[in-house]
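Asks: Structure below; questions to follow.
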Amino acid sequence: MVSASERQGPEVGIMGAGAIGLYVGGLLAQGGVGVAFAARGRTLVALGRGLAVSRYDGFKAELKSERYAAGSAAALAGCDIVLLCTKSGDTENAARELARWLRPGATVISLQNGVGNVDVLKSVLPGHRIVAGTVPFNVARLSPNAVHCAMEGAVLVGPSDASAQLAAAAKSSGLKLDIRADIEAVQWGKLLLNLNNGLNVLSGRPLRRQVEDPGYRHVLAMAMEELLAALDAAGINPVGATRTNPRLIPKVLRLPTWLFRIVARQQLRMDDTARSSSWDDLQAGRAPETRFLNGAVPVLASAHGRTAPVNALVCRLVDEAFAEGRSPQLPGETLLELAHKATT
């Protein structure tokens, strides 16, 4: 781990050493921040050999294992801030494990998909400050100790003293981190984008190739419109992680492909390693996270007298793909036909 004389800012723990956790923690460690990873299995063994972090713009860093600490959750005992990067289905178990080791006054910042993780963390860790956050960009896991950020974006966190400390520490690391007072609304905006995670599994294609398929774009627009209608019924106004108005995204998705490429050229700045985290889960044999993403839409819709058949369809098809252990590689036009049938 970084020596005391080299250390900058707070001690940061990473709970959930997947693609996002390794990328964020790796950049912070590269910048001189004291970082400890809670890892297990082959990830823990691989971290003993070092950590490679790269980015679509050509940035590369090879960290020796001396630059950080790695071990069980006990390795986070001295941390001031813990970034929770586990899957949403693991939130409660991760929080109970953290409860054994967190020092008094430590802050937990959730960098997870979905919108309900903060409430779970608050219920299990009542003596700690819990802060919402989100990661609106893609990171690919190239190997157990190598990750690659495939597109532009900044980590977004809610306001707190710990957030300010983390933002200051991130400046020397190359990690973009912004503090957002409207983080809850941003999380709903991020969920809108995460509705594509399951579609990426069904397509079996890299993200860029998938979103260039008009069939998949139209299905995603339908899924997004179901969420927007449910949010309107609930009186919730989503905010985009970027300057794009979330309500315009379905309209952009329905544009002809040639025009979509022009209008969405900034969002299409990604390389062919970019896949969704749900795709990574399928390859790793993990449980799907779709019930916390697309599955959240029918729940919200039902609570306000609406339905969300397209999102329910995506959940069912993704569950079938995970049960079979492979992508069905559905053509976009086939999925669009299924979506239209589900709405009639």
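Asks: Mind counting the residues in segment 233-253 that are loosely packed, with under 15 Cβ neighbours inside 10 Å, at pLDDT 90 or above and not aliphatic (A, V, I, L, M)?
Replies: 3
Asks: Another question about this same structure. Is there a residue in segment 267-275 that is out of contact with any Gly (no Cβ under 7 Å at 6 or more places or on another chain) and over 19 Å from R205 (Cα atoms)? Break it down into steps so the answer makes sense when it comes.
Replies: To start, the set of residues in segment 267-275 that are out of contact with any Gly (no Cβ under 7 Å at 6 or more places or on another chain) comprises 267-275.
Now restrict to residues that are over 19 Å from R205 (Cα atoms): none.
No.
Asks: Would segment 64-72 turn up any residue that is open to solvent by 20 Å² or more (accessible area, probe 1.4 Å) and of a type in the set (F, W, Y)?
Replies: First pass over segment 64-72, keeping only residues open to solvent by 20 Å² or more (accessible area, probe 1.4 Å): 64-67, 69-70, 72.
Narrowing further to those that are of a type in the set (F, W, Y): none.
No: segment 64-72 contains no residue that is open to solvent by 20 Å² or more (accessible area, probe 1.4 Å) and of a type in the set (F, W, Y).
Residues are listed down the side, and each one gets a yes or a no for (1) open to solvent by 10 Å² or more (accessible area, probe 1.4 Å); (2) of a type in the set (D, E, K, R); (3) part of a loop (DSSP other than H, G, I, E, B):
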{"site": "V108", "(1), (2), (3)": "no, no, no"}
{"site": "D119", "(1), (2), (3)": "yes, yes, no"}
{"site": "K122", "(1), (2), (3)": "yes, yes, no"}
{"site": "P126", "(1), (2), (3)": "yes, no, yes"}
{"site": "P136", "(1), (2), (3)": "yes, no, yes"}
{"site": "R141", "(1), (2), (3)": "yes, yes, no"}
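Asks: Next question. On the given criteria, is A181 open to solvent by 20 Å² or more (accessible area, probe 1.4 Å) and part of a loop (DSSP other than H, G, I, E, B)? Don't jump to the end; show me each part of the working.
Replies: Details: open to solvent by 20 Å² or more (accessible area, probe 1.4 Å): yes; part of a loop (DSSP other than H, G, I, E, B): yes.
So A181 passes the test.
Asks: If a residue must be surrounded by fewer than 22 Cβ atoms within 10 Å (Cβ to Cβ) and within 22 Å of the chain's Cα centre (by Cα), how many such residues does segment 299-311 contain?
Replies: Within segment 299-311, the subset surrounded by fewer than 22 Cβ atoms within 10 Å (Cβ to Cβ) is 299, 302-307, 309.
So of that shortlist, the ones also within 22 Å of the chain's Cα centre (by Cα) come out as 299.
Total satisfying the criteria: 1.
Asks: With L111, L98, L83, L44 as the choices, which residue is farther than 30 Å from G189 by Cβ, of a type in the set (A, V, I, L, M) and touching a residue at least 12 places away in the same chain (Cβ under 8 Å)? If you could, list the steps in order and put the result at the bottom.
Replies: Values: L111 fails: farther than 30 Å from G189 by Cβ; L98 fails: farther than 30 Å from G189 by Cβ; L83 fails: farther than 30 Å from G189 by Cβ.
None of the others qualify; the one that does is L44.
Asks: Could you check, for segment 155-173, whether at least one of its residues is farther than 27 Å from E337 by Cα, assigned to a loop (DSSP other than H, G, I, E, B) and touching a Ser or Thr at 6+ places or on another chain (Cβ under 7 Å)?
Replies: Kept after step one, since they are farther than 27 Å from E337 by Cα, are these residues of segment 155-173: 155-173.
Checking the rest, the ones that are also assigned to a loop (DSSP other than H, G, I, E, B) come to 158-160, 171-173.
Going one step further and asking which of them are touching a Ser or Thr at 6+ places or on another chain (Cβ under 7 Å), we end up with 160.
Looking for residues that are farther than 27 Å from E337 by Cα, assigned to a loop (DSSP other than H, G, I, E, B) and touching a Ser or Thr at 6+ places or on another chain (Cβ under 7 Å), one finds at least one in segment 155-173, hence yes.
Asks: Related question: Hey, does segment 64-79 have a residue that's part of a strand (DSSP E or B) and touching a Gly at 6+ places or on another chain (Cβ under 9 Å)? Walk me through how you get there before you give the answer.
Replies: At the first step, the residues of segment 64-79 found to be part of a strand (DSSP E or B) are 69-71.
Next cut, touching a Gly at 6+ places or on another chain (Cβ under 9 Å) only: 69-70.
Yes, segment 64-79 contains at least one residue that is part of a strand (DSSP E or B) and touching a Gly at 6+ places or on another chain (Cβ under 9 Å).
Asks: Open to solvent by less than 50 Å² (accessible area, probe 1.4 Å) and part of a helix (DSSP H, G or I), is that true of T86? Break it down into steps so the answer makes sense when it comes.
Replies: Values: open to solvent by less than 50 Å² (accessible area, probe 1.4 Å): yes; part of a helix (DSSP H, G or I): no.
Criteria not met by T86.
Asks: Here's a follow-up. Conditions first: (1) open to solvent by 50 Å² or more (accessible area, probe 1.4 Å); (2) under 26 Å from P331 (Cα atoms); (3) of a type outside the set (G, A, S). V219 passes all but one, so which condition is the exception?
Replies: (1)
Asks: If the Cβ limit is 7 Å and pairs must be 6+ apart or interchain, which residue in segment 220-234 that is in a helix (DSSP H, G or I) pairs with which residue that is surrounded by fewer than 18 Cβ atoms within 10 Å (Cβ to Cβ) and charged (D, E, K, R)?
Replies: Filtered contacts from segment 220-234: A221/R254; L228/R247; A229/R306; A230/R306; A233/R306.
The values are calculated or read from the model by the stated rules, or taken from the named source; none is laboratory data. Computed from a predicted model, the values in this text were never measured in an experiment. So basically every Cβ, Gly included, is an ideal-geometry build from the backbone, and we count neighbours across all protein chains shown. Side chains are part of the model used for accessible areas, which takes the heavy atoms of the whole protein and leaves out ligands, DNA and RNA. Shrake-Rupley method; radii C 1.70, N 1.55, O 1.52, S 1.80 Å.
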